[in-house]
Amino acid sequence: MTLPASGSDQPWEGNLWCTPGTKTYVFFNMGEMIPPPYQWRDYKGALHQARDQVKDHLMNNQDGSIPDKGYWSTQPAGTNIKISVINAKGQLTYGILGSALTGLSQFIDVGYNHDRNPIVFQVNDGAWGEVGIGYVGMVDPTDASCTYSQGGGKRWDCADVIAGKVIE
């Protein structure tokens, strides 16, 4: 099999971000929203709030595993963004989740200049490899549906990511 430039075994994952000081790395790809999103959106603010929620959890609790096949989800205040991650293999902890969200936040801070496209990502840890898959999706304020890509008259639902149906 020929791997994409990111090195992921998933051909749709075209980017890689390693969170400095951790063993966590995230393969990811941006969806597209054509036409552009319905109204104001803030991927940067949403990821920063999500990262801070996990940090707060860790300050008040011991690190622990997110239940196997369970998922962590948030829709940060003041955004039309939903972020969810599923514990795909049983090893996703709040610490790894926090590192992954920190890495995505860093990417948004330094390399993401259009702030209009959702993200689908795979969470990896140096000890276990792939531990989770998730999305940063756009929530339609009219019907609360979540989309990770939309264009050419097609719409891909965020629930497909968690169900493992993500195809380029």
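Contour minus end-to-end for residue 62 and residue 142, with contour as 0.36 nm per residue of separation and end-to-end as the Cα-Cα distance? Intermediate results must be reported in sequence, preceding the final value.
Details: separation 80, 0.36 × 80 = 28.80 nm, distance 3.83 nm.
My answer for the length gained is 25.0 nm.
What is the extension gain from residue 165 to residue 73, computed as 0.36 nm multiplied by their sequence separation minus the C-alpha to C-alpha distance, in nm to one decimal? Numbers along the way, then the final one.
On the way: separation 92, 0.36 × 92 = 33.12 nm, distance 1.81 nm.
Full extension from residue 165 to residue 73 adds 31.3 nm.
With a 1.4 Å probe and every protein chain kept in, tell me what percent of the accessible surface of region 61-168 is carbon plus sulfur.
Within region 61-168, the accessible surface is 47 percent carbon and sulfur.
Using a simple charge model, +1 on the beta-carbon of Lys and Arg, -1 on the beta-carbon of Asp and Glu, nothing else, what dipole does region 78-152 show about its Cα centre, in debye to the nearest 20? Mind showing how you got there, number by number?
Numbers: 3 positive and 6 negative charges, 16 e Å.
Computed charge dipole of region 78-152: roughly 80 debye.
From the residues 107, 121, 152, which one has its Cα farthest along the dipole of region 65-168 in the positive direction, the dipole being from +1 and -1 charges on Cβ of Lys/Arg and Asp/Glu about the Cα centre?
In region 65-168, that residue is 152.
If packing is taken as the mean number of other Cβ atoms within 10 Å per residue, what is the order of 149-155, 43-49, 72-78, highest first?
Working: 149-155: 13.1, 43-49: 20.7, 72-78: 15.4.
My ranking of the peptides, most packed first, is 43-49, 72-78, 149-155.
Taking a threshold of 26 Å on the Cα-Cα distance, which of the pairs 55/154; 23/55; 55/165; 82/165; 55/89 fall above it?
Values: 55/154 36 Å; 23/55 17 Å; 55/165 30 Å; 82/165 18 Å; 55/89 22 Å.
Exceeds cut-off: 55/154; 55/165.
The values are calculated or read from the model by the stated rules, or taken from the named source; none is laboratory data. Note that the structure is a prediction, hence the values are computed from the model and not measured. Cβ sites come from the backbone with ideal geometry, for glycine too, and all protein chains shown count toward neighbours. Protein only, heavy atoms only, side chains kept; ligands, DNA and RNA dropped before computing areas. Shrake-Rupley method; radii C 1.70, N 1.55, O 1.52, S 1.80 Å.
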